[in-house]
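J.: Dumping the structure here so I can ask a few things about it.
The values are calculated or read from the model by the stated rules, or taken from the named source; none is laboratory data. Please read all numbers here as calculations on a predicted model, not as lab measurements. Cβ placement follows ideal geometry from the backbone for every residue including glycine, while neighbour counts extend to all protein chains displayed.
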Amino acid sequence: MFLLNLKSGSEKVKTLQKWALGLLCVSSFLAGGCESAGTKKNVISKKIESIAILPPEKPRAGAVNLLDALENPSGWVDSVYNTLTLEERIGQLIVIEAFSNKGPKYEAEVLQLIQKHRIGGLIFFQGGPVRQAKLTNTYQAASKVPLLITMDAETGIGMRLDSTVQYPFQMMLGAVEDNGLVYRMGAEIGREFKRLGMHVNFAPVADINNNPNNPIISYRSFGENRLAVTAKSLAFMRGMQENGIIATAKHFPGHGDTDIDSHHDLPVIPFNRKRLDSLEMYPFRELIRNGIGGIMVAHMHIPQLDSTQNLPSTLSKPIVTDLLKNELGFKGLTFTDAMVMKGVTKFFPPGEAEARALIAGNDILERLNSVEKAVAAVKEAIENGELPLEEIEKRCKKMLAAKQWVGLDNYKPIELENLYKDLNPPEADSTNRAIAEAALTLLKNEKRMLPVRPRRNLKIATVSFGAIRPTAFQRELKKYAKTTDFVISRKANAKETKKLQQQLRSYDVVLVALYGPSIRPSNNLGYSAHTTALIHHLSISQKSFITLFDNPYTLSQFTGIHKSNGLLLAYQPHYHAQEAAAKLLFGGLPARGKLPVTVSDHFSYGDGISKDKPILP
């Protein structure tokens, strides 16, 4: 909603369109022909006209932009603030977790925390949409000040709740050259958030994943190129914020190049300031310049920014206040990452950690071990002069101003009628299909393997690795040709793989699908040595075409896969990806995706055989 401080009217729209076109062209240019290491020549695409320009910025009636609202609190903010005690003002800076699938006892405990400490908001996790809506209505009714409702929903509400839409993880979006689709997804998520009475999404992930061994970011990132990550983060942000949802970029100052999960330990980022400025912090700087509403600070130790031993970035004043707020000029809401994570609790106990986080400059504390200890420690920090009372006032009013901007000054309960239907709109299905089709990345097509050309005597086998029954991909393939289907476990033994290898000898074409252990992409497919050996055998055969429905980094687990005649990346195993892959194999779709990361010496950033039209027989 508030990306650029431009004049209103046609001049504003024209300027924004030029900005969007330029940024998207840079992103498309990089996705189409760059090597992250600079080993390939950059080739500027001549098909700029095919790149979708993001829709012009839409004003939101009756509301100033969020950053203006935060810096210029209204009379409503002051009136509410004046009714709060010191403990309640501290409570407004706290967001606690909530689930809708843990039963009455748990729900009563959450309600008690809301009523006792007047906490500022909730972050919802697993459950169902109707259950969550009912709980939200109950919790809101019990709260002295309306609650800011948040969710960590990088792929939409379906990432957390049953019976709702789940969109792709960001790695799949990284393969898509049309950033208008990323905007469209963000807009859909924004509308679904509003329907469920939520106000803040902890997305996009603005981390640049340039470490293949990263255990926590990986497929959650748009990729390894800073400009592509920035362009897609901006599109995602705009989609949500232009629909009244506060986007929150994470994990500042950049969690992409680490091999330690901050949920379990404190990662150390050794890079110097020049490297951090030019790479890790680049997307965050651009998001700040373009009006991002929230930023989440990571739990990482960064000696070049703060040399205090074992100090997480969340507790560092030089990082949160001096760098993020003062130097980069961020005026939005600064959230901590979850305060229950080992990245902070390993060296700082509950209470002390939260007090230090506020002293460092964070506005809002998220997911605490103990609200009681946190409030007591913050009060002690105020009393001993470590945390000025004026800072509590400033941040509490900031939280209240954000609540007014999302409409909580005129709070209305969530309407339950037609909730399932409204959270599963037809637009979501078409968006998911469009993204899946645009992301398909064709890495190998030797000897014109594609399109598969069915003939009367052509025997076609399909094999799904990691499945226990024929998959959606195999069912879709039957729309185009007569096939014989096989499935085999990821953990298959020598006897099983030998039997399948013998069965496949009599077929002319073998269409192979590789799946991981979950609907979510994997960092490791977990295949047995015998299964891996069979895939190697199929890769070097002259009759197999392989499709990976998982994280592209897992290609490196198959040493001979680069020798295959045909290789396609579909990124995730959701239905739309399987449907699109089957369609492409038989010439019904063009190949348009580009590899968003380097996965091996054989497959690099920007790789992808593009065809403007379907691969015709």
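J.: From G244, G239, G254, which residue is touching a helix residue (DSSP H, G or I) at 6+ places or on another chain (Cβ under 7 Å), part of a loop (DSSP other than H, G, I, E, B) and within 26 Å of N551 (Cα to Cα)?
T.: Working: G244 fails: within 26 Å of N551 (Cα to Cα); G239 fails: part of a loop (DSSP other than H, G, I, E, B).
Going through G244, G239, G254 in turn, the sole match is G254.
J.: For P426, all conditions in the list (1) surrounded by 12 or more Cβ atoms within 10 Å (Cβ to Cβ); (2) not charged (D, E, K, R); (3) not assigned by TED's automatic domain parsing to the domain that holds A355 hold save one; what is the number of the exception?
T.: (1) is the only condition that P426 fails.
J.: Follow-up. Have a look at T471, T497 and point out the one that is closer than 17 Å to L548 by Cβ, crowded, with 16+ Cβ neighbours inside 10 Å and among the hydroxyl-bearing types (S, T, Y).
T.: Numbers: T497 fails: closer than 17 Å to L548 by Cβ.
Every option except T471 fails the conditions.
J.: While we're on this one: Mind checking which residues of the stretch 218-253 are β-branched (V, I, T) and either surrounded by fewer than 24 Cβ atoms within 10 Å (Cβ to Cβ) or modelled with pLDDT under 95 (or both)? Outline the logic, then answer.
T.: Our first condition is that a residue be β-branched (V, I, T); within the stretch 218-253, this holds for 229-230, 245-246, 248.
If the condition is that a residue be β-branched (V, I, T) and either surrounded by fewer than 24 Cβ atoms within 10 Å (Cβ to Cβ) or modelled with pLDDT under 95 (or both), then T230 is the only one that fits.
J.: Being surrounded by 15 or more Cβ atoms within 10 Å (Cβ to Cβ), part of a helix (DSSP H, G or I), among the small types (G, A, S) and modelled with pLDDT of 95 or more: is that true of A133 here? Outline the logic, then answer.
T.: Details: surrounded by 15 or more Cβ atoms within 10 Å (Cβ to Cβ): yes; part of a helix (DSSP H, G or I): yes; among the small types (G, A, S): yes; modelled with pLDDT of 95 or more: yes.
Considered against the rule, which asks whether it is surrounded by 15 or more Cβ atoms within 10 Å (Cβ to Cβ), part of a helix (DSSP H, G or I), among the small types (G, A, S) and modelled with pLDDT of 95 or more, A133 comes out as yes.
J.: Another question, then. Quick one: would you say I546 is of a type in the set (A, V, I, L, M), modelled with pLDDT of 95 or more and touching a helix residue (DSSP H, G or I) at 6+ places or on another chain (Cβ under 8 Å)? Can you show your working first?
T.: Numbers: of a type in the set (A, V, I, L, M): yes; modelled with pLDDT of 95 or more: yes; touching a helix residue (DSSP H, G or I) at 6+ places or on another chain (Cβ under 8 Å): yes.
Yes.
J.: Out of all the residues in the stretch 351-365, which are in contact (Cβ under 8 Å) with a residue 60 or more places away in the chain and either under 25 Å from the mean Cα position of the chain (by Cα) or not assigned by TED's automatic domain parsing to the domain that holds E380 (or both)?
T.: N362, D363, I364, L365
J.: Test of understanding: among V452, V463, which residue is assigned to a strand (DSSP E or B) and either not aliphatic (A, V, I, L, M) or not assigned by TED's automatic domain parsing to the domain that holds Q170 (or both)? Steps first, answer last, please.
T.: On the way: V452 fails: assigned to a strand (DSSP E or B).
From the options V452, V463, the qualifying one is V463.
J.: While we're here: Of everything in the stretch 375-406, what is in a helix (DSSP H, G or I) and aliphatic (A, V, I, L, M)? Give them in sequence order. Please lay out each step first, then the result.
T.: So the first thing to find is which residues in the stretch 375-406 are in a helix (DSSP H, G or I), and the list is 375-383, 389-405.
Those that are in a helix (DSSP H, G or I) and aliphatic (A, V, I, L, M): V375, A376, A377, V378, A381, I382, L389, I392, M399, L400, A401, A402.
J.: Give the stretch 360-393 a look and list any residue that's of a type in the set (V, I, T) and in contact with a Ser or Thr (Cβ under 9 Å, 6 or more places away or on another chain), or say none. Give the derivation first.
T.: First pass over the stretch 360-393, keeping only residues of a type in the set (V, I, T): 364, 371, 375, 378, 382, 392.
Within the stretch 360-393, I364 is the sole residue that qualifies.
J.: Can you name the condition, by its number, that N272 falls short on among (1) crowded, with 17+ Cβ neighbours inside 10 Å; (2) over 24 Å from the mean Cα position of the chain (by Cα); (3) closer than 24 Å to L227 by Cα?
T.: The failed condition is (1).
J.: Okay, moving on. For the condition touching a helix residue (DSSP H, G or I) at 6+ places or on another chain (Cβ under 8 Å), modelled with pLDDT of 95 or more and under 23 Å from G291 (Cα atoms), what is the one hit in V95, V77, V110? Walk me through how you get there before you give the answer.
T.: Working: V95 fails: touching a helix residue (DSSP H, G or I) at 6+ places or on another chain (Cβ under 8 Å); V110 fails: under 23 Å from G291 (Cα atoms).
Result of the check over V95, V77, V110: V77.
J.: If you don't mind, there's one more thing I want to ask. Of the numbered conditions (1) assigned to a loop (DSSP other than H, G, I, E, B); (2) in contact with a helix residue (DSSP H, G or I) (Cβ under 7 Å, 6 or more places away or on another chain); (3) of a type in the set (D, E), E579 fails exactly one; give the number of that condition.
T.: The failed condition is (1).
J.: Hey, N210 hits all of (1) farther than 20 Å from G332 by Cα; (2) crowded, with 23+ Cβ neighbours inside 10 Å but one; which does it fall short on?
T.: (2)
J.: Next up: Would you mind stating whether M339 is in contact with a Lys or Arg (Cβ under 7 Å, 6 or more places away or on another chain), under 23 Å from S221 (Cα atoms) and crowded, with 18+ Cβ neighbours inside 10 Å?
T.: Numbers: in contact with a Lys or Arg (Cβ under 7 Å, 6 or more places away or on another chain): yes; under 23 Å from S221 (Cα atoms): yes; crowded, with 18+ Cβ neighbours inside 10 Å: yes.
Here the answer is yes, as M339 does meet what is asked.
J.: Quick one: would you say G158 is under 19 Å from T431 (Cα atoms), without any contact (Cβ under 8 Å) to a residue 40 or more places away in the chain and assigned to a helix (DSSP H, G or I)? Even if it seems obvious, please write down each step before you answer.
T.: On the way: under 19 Å from T431 (Cα atoms): yes; without any contact (Cβ under 8 Å) to a residue 40 or more places away in the chain: yes; assigned to a helix (DSSP H, G or I): yes.
Against the criterion (under 19 Å from T431 (Cα atoms), without any contact (Cβ under 8 Å) to a residue 40 or more places away in the chain and assigned to a helix (DSSP H, G or I)), G158 qualifies.
J.: Could you please give the count of residues in the stretch 245-284 that are without any contact (Cβ under 8 Å) to a residue 60 or more places away in the chain and over 23 Å from G190 (Cα atoms)?
T.: 20
J.: Which one of the conditions (1) in a helix (DSSP H, G or I); (2) touching a residue at least 24 places away in the same chain (Cβ under 8 Å); (3) under 23 Å from A338 (Cβ atoms) does K105 fail to meet, given that it meets all the rest?
T.: It fails just one condition, (2).
J.: Suppose we filter the stretch 275-313 for residues that are aromatic (F, W, Y) and crowded, with 24+ Cβ neighbours inside 10 Å; how many remain?
T.: Looking only at the stretch 275-313, we keep the residues that are aromatic (F, W, Y), and these are 282, 284.
Imposing the further condition that a residue be crowded, with 24+ Cβ neighbours inside 10 Å reduces the set to 284.
So the answer is 1.
J.: Sticking with this one: Taking into account only those residues within the stretch 87-130 that are of a type in the set (G, A, S) and within 17 Å of T164 (Cα to Cα), which is surrounded by the most Cβ atoms within 10 Å (Cβ to Cβ)? Quick ask: steps written out before the conclusion?
T.: Kept after step one, since they are of a type in the set (G, A, S), are these residues of the stretch 87-130: 91, 98, 100, 103, 108, 120-121, 127-128.
Now restrict to residues that are within 17 Å of T164 (Cα to Cα): 100, 127-128.
Working: S100: 23, G127: 17, G128: 16.
Per the stated criteria, the residue is S100.
J.: Need the failing condition index for D152 against (1) in contact with a strand residue (DSSP E or B) (Cβ under 9 Å, 6 or more places away or on another chain); (2) closer than 27 Å to P388 by Cβ; (3) among the acidic types (D, E), just the number.
T.: If we test D152 against (1) in contact with a strand residue (DSSP E or B) (Cβ under 9 Å, 6 or more places away or on another chain); (2) closer than 27 Å to P388 by Cβ; (3) among the acidic types (D, E), just (2) comes out false.
J.: Please determine, by comparing only the residues of the stretch 558-576 that are among the aromatic types (F, W, Y) and outside any helix (DSSP H, G or I), which one is surrounded by the most Cβ atoms within 10 Å (Cβ to Cβ).
T.: The initial filter retains those residues of the stretch 558-576 that are among the aromatic types (F, W, Y), namely 558, 571, 575.
Still in the running and outside any helix (DSSP H, G or I): 558, 571.
On the way: F558: 23, Y571: 29.
If we take residues in the stretch 558-576 being among the aromatic types (F, W, Y) and outside any helix (DSSP H, G or I), then Y571 is surrounded by the most Cβ atoms within 10 Å (Cβ to Cβ).
J.: Taking into account only those residues within the stretch 192-203 that are part of a helix (DSSP H, G or I) and touching a residue at least 60 places away in the same chain (Cβ under 8 Å), which is farthest from R131 (Cα to Cα)? Outline the logic, then answer.
T.: Pass one, the stretch 192-203, residues part of a helix (DSSP H, G or I): 192-195.
Narrowing the set further to residues that are touching a residue at least 60 places away in the same chain (Cβ under 8 Å) leaves 192, 195.
Details: E192: 16, R195: 14 Å.
By that ranking, first place goes to E192.
J.: I'm trying to understand the selection: among the residues of the stretch 81-92, which are assigned to a helix (DSSP H, G or I) and either modelled with pLDDT under 95 or within 25 Å of M296 (Cβ to Cβ) (or both)?
T.: Answer for the stretch 81-92, where residues must be assigned to a helix (DSSP H, G or I) and either modelled with pLDDT under 95 or within 25 Å of M296 (Cβ to Cβ) (or both): Y81, E88, R89, I90, G91.
J.: What number of residues within the stretch 500-557 satisfy the criterion of being free of Cβ contacts under 8 Å to residues at least 40 places away in the same chain, assigned to a strand (DSSP E or B) and within 27 Å of N457 (Cβ to Cβ)?
T.: Here the count works out to 2.
J.: Something else: Which residue pairs have Cβ atoms under 8 Å apart, sit 6 or more places apart or on different chains, and have a first residue in the stretch 452-476 that is over 21 Å from L500 (Cα atoms) and a second that is among the polar types (S, T, N, Q) and in a strand (DSSP E or B)?
T.: none
J.: I've got another one for you. Yes or no: the stretch 547-556 includes at least one residue that is farther than 25 Å from G526 by Cβ and either out of contact with any Ser or Thr (no Cβ under 9 Å at 6 or more places or on another chain) or hydrophobic (A, V, I, L, M, F, W, C) (or both).
T.: Here is the first cut: in the stretch 547-556, the ones farther than 25 Å from G526 by Cβ are none.
Scanning the stretch 547-556, I find no residue that is farther than 25 Å from G526 by Cβ and either out of contact with any Ser or Thr (no Cβ under 9 Å at 6 or more places or on another chain) or hydrophobic (A, V, I, L, M, F, W, C) (or both), so the answer is no.
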